[in-house]
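A short worksheet on the structure shown next.
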Amino acid sequence: MTTLAPPGYVLDSTIWPGLDALATCLCEELIRSGLPETCFCGVVAGEVAFDVTDDDRGVAWVRLVQAFPSTSFPSPVPGVRSCLAPLVAEVEVGVMRCFPAAKAGDSPTETQQWEQAMLQQADMAAMYRAIQCCYGKFDEFGIGTYTPQGPEGGFVGGSWQVWLSGWRR
């Protein structure tokens, strides 16, 4: 996933490498796990991290939720004491897939529900393994909760919450 910065950019050296590493681990683990291919897998910007296209393959993403100075991982340090504190990033790692029956407004069959639930759990486990592959690359690292999403709007998936600080090369 690593790309060169455009001329003149000075990239963040504390959070960006972690986002990039997590995205690489995620994309590789989804393939290694034999899960259906997604139409996008990588780092995204902004609050809304998915837009599943008409090809119904789904998306996998890593995004920055928030960043803050911290001297007691992963709690923010408010005020002037924060000037010299290292940055901590809260990151979201997610996969969202189309649920055709729900998207069409139909009531899904028992088999469709079963298959979608199995795929959602397989994605959850693959994301967890991907997150674990990056564990040793940071001074501080924490895995939070997995939050399932859907089937509103015809999409099912979920995301993990991760905190990281102190990228090690």
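The values are calculated or read from the model by the stated rules, or taken from the named source; none is laboratory data. Remember, predicted model here, so these are calculated numbers, not experimental data. No Cβ is skipped: glycine too gets one built from the backbone with ideal geometry, and neighbour counts run over all protein chains shown.
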Problem - Pick from the stretch 1-22, criterion in a helix (DSSP H, G or I) and out of contact with any helix residue (DSSP H, G or I) (no Cβ under 9 Å at 6 or more places or on another chain), ranking: modelled with the lowest pLDDT - result: 16
Practice task
Filter the stretch 129-144 down to the residues that are in a helix (DSSP H, G or I) and without any contact (Cβ under 8 Å) to a residue 40 or more places away in the chain, then identify the one that is farthest from residue 17 (Cα to Cα).
Solution key: 132
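Yes/no matrix, rows are residues, columns are (1) at positive phi; (2) surrounded by 12 or more Cβ atoms within 10 Å (Cβ to Cβ); (3) at pLDDT below 80; (4) assigned to a helix (DSSP H, G or I):
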| position | (1), (2), (3), (4) |
| --- | --- |
| 47 | no, no, yes, no |
| 50 | no, yes, yes, no |
| 60 | no, yes, no, no |
| 64 | no, yes, no, no |
| 81 | no, no, yes, yes |
| 97 | no, yes, no, no |
| 107 | no, no, no, no |
| 113 | no, yes, no, yes |
| 127 | no, yes, no, yes |
